[in-house]
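Quick one: this structure, given as structure tokens, is what I'll be asking you about.
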Amino acid sequence: MKQGVHWVTIPWRDRFVEIELQWLGQATQQPLMVFLHEGLGSLAMWRDFPARLCAQLGCRGLVYSRPGYGRSTPRAADEHWQTDFLHQQAQEVLPALLAACGVHPAQEKIWLLGHSDGGSIALLHAARYPEQVAGLIVMAPHLFAEPVTLRSIAHARSQYLETDLRLRLARFHQDPDSAFWGWNDIWLQPAFQDWNIAEELRAVRCPVLAIQGLDDAYGTLEQIRNIARQIPHTQLLELPDCGHNAHKDQAQAVQQAIQTFYQQQRQETAV
């Protein structure tokens, strides 16, 4: 298990891409938690949250930047993602990355922790590979496109064009235009207004902890409550005084809830 940030090559679509990643933890016999970043996120934008959480849980971690983000291969200027872009990340990119890293979820189930778009990817992966995922932790996931979500994404477009947002994102992305426009363009396509993955989640078999801030500008509580309707073994954490980044806005409450959930599921598995 190579320490520090490094890159692996995976096939995706009709080419090969470089994926920036980092391993956390030492003991290979520990459970593996894979971290899936938000729509404008990257490995670096997680800051020290994955390392602190893995140390607290006693698990290994795998943190990576998706294609188009961070220091992974940027999106080509003429490459336009379609409404299935989250499905592609869940069902093509993530399995290819795990294989390139020598991870075999069919032999040893993995844990997934996803934020925002990463939460949607985690849910879609668990629905596609229900026997390969031990548990899901999703923070502010998207199941469908809400008006509040689309308004905030449209506002982000104005911020990117009119403020220093591009400069700030350049601290975390080799090509900030790749990250921003890949995400922003597809969410604001008219066809994406009908995007909805709720019914697909009925295939998920693992336990789920779904976290949502009450002051999230990118989604309402209906997102995680819908998860609970589709997946009976779901625990909900609804946080006051909390926006889209629950692991930053309510760090202590989030880490405690994740630890309790993780230990509970590990104990039940061991029985």
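Find how much the distance from HIS233 to GLN255 grows on full extension, using 0.36 nm per residue of separation minus their present alpha carbon separation; answer in nm with one decimal.
Extra length available between HIS233 and GLN255 comes to 5.9 nm.
With the crude spin-label approximation of a point 7 Å out along Cα→Cβ, what separation in nm comes out for GLU92 versus ASP14?
For GLU92 paired with ASP14, the spin-label model returns 1.2 nm.
Given only helices, namely DSSP H runs of n ≥ 4 each adding -39500 (n - 2.57), what is the per-residue ellipticity at 222 nm of the chain, to the nearest 500 deg cm²/dmol?
-10500 deg cm²/dmol
Now for a separate question. Rounded to the nearest 20 Debye, what is the dipole magnitude of region 82-150 about its Cα centre when Lys and Arg each give +1 and Asp and Glu each give -1 at the C-beta?
The calculation lands at about 120 debye.
What stretch of the chain, leaving out the sites themselves, is the longest with no trypsin sites (Lys or Arg not before Pro) in a DSSP loop having at most 10 other Cβ atoms within 10 Å?
Segment 3-170 is the longest.
In whole percent, what relative contact order does the chain give with Cα contacts below 8 Å and a gap of six or more residues? Each step should come with its number before you reach the end.
On the way: 527 pairs, mean separation 48.1, N = 271.
Relative contact order, the chain: 18 percent.
Moving to a separate point now. Between LYS109 and GLN193, what FRET efficiency follows from the Cβ-Cβ distance if R0 is 51 Å, with the result rounded to 0.05? Don't skip to the end; give the middle numbers.
Details: r = 35 Å, r/R0 = 0.69.
Once rounded, the FRET efficiency stands at 0.90.
How far apart, in nm, are the 7 Å Cα→Cβ label points at VAL5 and PHE144?
Result: 3.9 nm between the two label points.
Continuing with this model, one more query. Say each of GLU131 and ALA51 gets a label point 7 Å from the Cα, pointing the same way as Cα to Cβ; how far apart are those two points in nm?
3.8
Restricting the count to DSSP beta bridges whose residues both fall in the chain, what percent are antiparallel, rounded to a multiple of 5?
Once the DSSP bridges in the chain are tallied, antiparallel ones form about 35 percent.
Using R₀ = 51 Å, calculate the FRET efficiency as 1/(1 + (r/R₀)^6) where r is the Cβ-Cβ separation of HIS155 and GLN263; round to 0.05. Display every interim value, and only then the final one.
Details: r = 39 Å, r/R0 = 0.77.
So the FRET efficiency works out to roughly 0.85.
Here, each number is a calculation from the coordinates, and none is a lab measurement. Given the structure is predicted, the values throughout are model-derived calculations rather than measurements. FYI the Cβ positions are ideal-geometry reconstructions off the backbone, even for glycines, and counts take in every protein chain you see.
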